[in-house]
Structures are given as structure tokens and as C-alpha cells.
């Protein structure tokens, strides 16, 4: 099976984020990491390859820094990488990101494309599904299990409130992968060494530009959310905080 | 082109999903704000009964979009059926709840129509003539006001809990219901879904717990969960967790709170080392009192907390267990 994994670099979970001066985006001088669900998507692709042989290709759209995500994926066992490298990719909505991916892989023949179910920055949860529609492929979302059959695959979709559903579907297909589908591996020293010699194709914005349209939605303003609650901050040494809190639990929350 | 607002309610196996009422409340508010007429639609096979249920609410008209191909749910059939319907009606705004089912088909539907979805919104604003939709970004650390820059229909999905479903306005005289049959060619549907099932029977029903102590990534190691358990025990509550903790296998999946786990509204929710990603917050924001302990003063969980403690949970929890035990012994 030949599998493409779409990966995104996002600000680190506990990175302190600051707004830019225009209030339209964050200041870029923070630490980045791989979008967590994408890490699970990669792991699943590697496991499928180990079972059924084939190839795992990783793709990412973003500035030079995002190459780190691809390098890590190569070190974990991906065979090659495609990097759509340009600062402009950061500001693309899901629709155009999917269009850029579709244009970059037009000469390839994948059986499966995986994405994480959503990104930790925009959180649109749309890119994978849009990509499927652009390619004319079937898709399934929030996947917790994948089994290859004779003529297609059987996947386990997570539904809400603890419900699940198996779905049979033909290949090629796009799947959005849920965190926790597997246990992530670490890159080995040998893997990191080998990654240096693995192919990484760079795609410039100009090469996919003709496939892109105007963004159909625009972030007018980004801001720190308005508080809806009157939060009381309890301060002091731990023992004192514990005392104050116990008092609140007794007199105001009334659970003691 | 009809300038209308259309709410597409969600049904599963012949029952309206409760979150549909929240979206209808949003639609009613937007209709009042913009002066646009409000209509609603339900898609499925034999869903006229559900359309009539919706017609009891304050809405101009309800469509029952019918095809045997719409049952069971598949993204192919829903995108094809709704596309036919929307192209014939051309509403200006299409509102849906941000459920797993909607997430599964609405990006496909919008793409097939050359349109976009502003997804997972928590509210809207009117800025002059412009409509802005507010959504959380960076895991809730920021909010963004987003506008449509292309042509309608404009698709918007609203987060679970963004509007009050119990505030939906009813009407004395039911709205008219129109059945619209859509054609779904057999080869359109490529996925073959099996029956929906529940994994093992859940061992704990956290929805019944009065007190919940929940842990997130800040707990750092599996062995540290013990102190959270001790606190839960001292308080007479249940232990729960955010998704990453259950993904790591540190607590069983049935202890998970959030969009993929259980939705709870206890008397007290004590969040230890939980940053407050949207997916978690939707599962617990209905708690009467929320206490949050987190080392990051900008953690989104503090936005919804009644009592906030910025600090190291490993220093706060042990003396708190002591205080709780003392208080209980004294009472």
C-alpha cells in the first residue's frame, strides 16, 4: 500500500502565544511541534506498511521551519517527503491547503491518504475531507482502526458519546485519524541517521499557485477570548491555597 | 436567490439530535438580527415526522429532504442530497451543529458547491452589514472573528453548547412542512456502513457523579494519577481525565470527559493540569463550579473556572487532600 500522510507543524502545546501587532495572527517566534493527531496518522501509516509493505510518503505545507516535522517523520520510518515551502501556506484556509496538496501529488498514485482529524492551531477539521472531494475519492473521518481486505478496507469510525461504527470502503480513500488509534514510536538513532539520505522534494508556491483560489473566508481579528465567568484567583503558598480552597468547598460550593 | 437562513437539524436513526435545538436557537437569533427569514430542513428517509416536530418551533417553513439513499447515513449520500436541495433553494446562510456527522460530510458538500465552511463557531456578531462568526483557535487560547469573502450559500457549524437548546422559541401555529424528494444514484454511495455500536458497557457513568476530579497532561506520569485519585476519594467523587490521558492508557477510556467521551454537569469539577482544549471543555463546561489548577496562567481552562490556582499541582494537591480530610472528619 502506498500511503500519503498530511502533516502540519503547529505551536507547541504549552508555548506562550502572543498576538502580532495587527491582531490577525500570532507572533511566529515560538517553539513548534508536529500536530498531535498527525503523529498518530503517521504511526498508523508506518504500521500499515509494516503489515502490507508499500511506501509511506509525508507531505507538509509551511515555511522552512516545518521541514523539521518531515525530517522527524523520515527518521521514524517514512520513505520520502514533500515540502510545500512558503510562508504563505500558513495563511491558507483548509480549502486552499487541500488544493495545494492535490496539485503537488497529481503525478502520484496513492492507495490511501491520512490526515490528523484536526489541527491544534486552526482546528477546522476539514482539510482531509476537502482533499477527498477534490480527488473524487471516498473518505471516512475520526478513524480508530484500519483493516485491509481483499477489495478495500474496513475502518472503525468513532462517533460521539462512546459509540463506534465499522465502514467498508473501496480504495483509494482518504481517512482522518483520531489521536490514540495506536501507540507512537520514537525515532531511533539509526532512523535519524538514515533520514538524512531520504529524498525530500521541495515544491515552491509558484508550482501550485494555479490550483489555488482566493480564500473564501477571512480572519478579521484574533484576540484573547472575553471571560464569561468572574474567576477568583487563589494565591499564596500551597498550604495556604489548600486552606482557602477547602473553605470555598465548604462554604460556597458546599460539598464538604 | 432566496435570502434565507436555513438550519439543517440532525437526526440519527429517526430521532432528532438534541443539539439541533441549539442550532435552531442560533438560527432564530440570527434571523432576528438580520431580518432574514428562517427555514429548517431535516434529511433522511421517512423523516417527515421529525420535520413536523421542528415545525412546532418558530420557523417559517420546514423541509423534509427525502431519499431512501439517505438511510443509513453516508457522507456521499448526504453531500449529494443536500447539494441538490441547496442548489434549488440557494439560502444565504446554512447552519448546522458541529457534530461528528456534520464534520464528516459538510466540508465535502461545501467543496462540491465551491463554497466554504466556518466550522466550530461559538457565536456571531454583526459588524455593520457584515456578519462575523466567532470561533476558537489555538486550542481555545484565542478567539477569531471570521467573515465570508465569497458568495453564499455560507456554511456555518456551531459548537455543542454554544447556544441554549432550551431557549428555542416555539410557536402556536405549526409552520408548513414541504417534502422534497432528492435523487441519489446508487453508484454515488461508496461507503458501506455497519450498525452503530457501543464498545464495552461503560463501567462508570460519570454523568451521575456529583464531584469529579479530572486530570490532564499536567499530571505528567501515570504514577502521579494516584494523588488525584486520593483527592477524588477524599471528596467522595469520581476520577476522570482529558483525552490524552486515556489515549496513553493511564486511565480507561470510560473515564474520558469531552466530545469523544462523556459530557458531565456535576456540582464540582476539579481540573488538575488540564489546559482546557475545546474538545475537553464541551464535555464539562456545564459543571456548577469549576476549580482549575494549572501552571500556565494563560491556560484556556481558566476562562471558564470559578476558582483558579496558577501553580504546581503536585504542591497544591497533597495539602488539599489533608484539608479535605480534616473538614470531613470535623463535620
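A few comments on the model shown:
- Shielding by other protein chains, A:152-161, mean Cβ within 10 Å: 5
- Prolate/oblate/rounded call for segment B:206-330, Cα gyration tensor, a/c under 1.5 rounded: rounded
- Helix B:19-34 and the longest principal axis of the Cα set of chain B meet at an angle near 60°.
- Contact order, relative form, for chain A: 23 percent (alpha carbon pairs under 8 Å, 6 or more residues apart, mean separation divided by residue count).
- Using alpha-carbon coordinates, inclination of helix A:36-52 to the longest axis of chain A, degrees: 40 degrees
- Spin-label model, residue B:173 to residue A:206: label points 7 Å out along the Cα-to-beta-carbon direction sit 6.7 nm apart.
- Stokes-Einstein translational diffusion, segment B:266-331 - Kirkwood Rh over all Cα pairs, 1.306 mPa s, 10 °C, in µm²/s: 127 µm²/s
- Diffusion constant of the protein assembly as shown at 25 °C, which comes from Stokes-Einstein with the Kirkwood Cα-pair radius and 0.890 mPa s, µm²/s: 98 µm²/s
- Within 10 Å of the Cβ of each residue in B:289-299, the mean number of Cβ atoms contributed by other protein chains is 3.
- Nearest 10 degrees, 0 to 90: helix A:238-251 Cα axis against chain A principal axis: 80 degrees
- Label-reachable residues, segment B:55-77, where backbone N falls under 20 Å from a point 7 Å from residue B:183's Cα toward its Cβ: B:64-71, B:76-77
- For peptide A:31-43, the mean count of partner chain Cβ atoms within 10 Å of a residue's Cβ comes to 0.
- Projected label distance in nm at residue B:265 and residue B:45, using a 7 Å step from Cα toward the beta-carbon: 3.5 nm
- Between residue A:51 and residue A:193, the simple label model (points 7 Å from Cα in the Cβ direction) yields a spacing of 3.1 nm.
- Each peptide in A:96-109, A:30-43 was scored by the mean count of other Cβ atoms within 10 Å over its residues; highest first, the order is A:30-43, A:96-109.
- Anisotropy class of segment B:110-186 from Cα gyration tensor, a/c 1.5 cut: oblate
- Relative contact order (percent, whole number), segment B:1-157, Cα cutoff 8 Å, 6+ residue spacing: 22 percent
Here, each number is a calculation from the coordinates, and none is a lab measurement. Since we're looking at a predicted model, the values are computed, not measured. Note: ideal-geometry Cβ built from the backbone for every residue, glycine included; neighbour counts use all protein chains shown.
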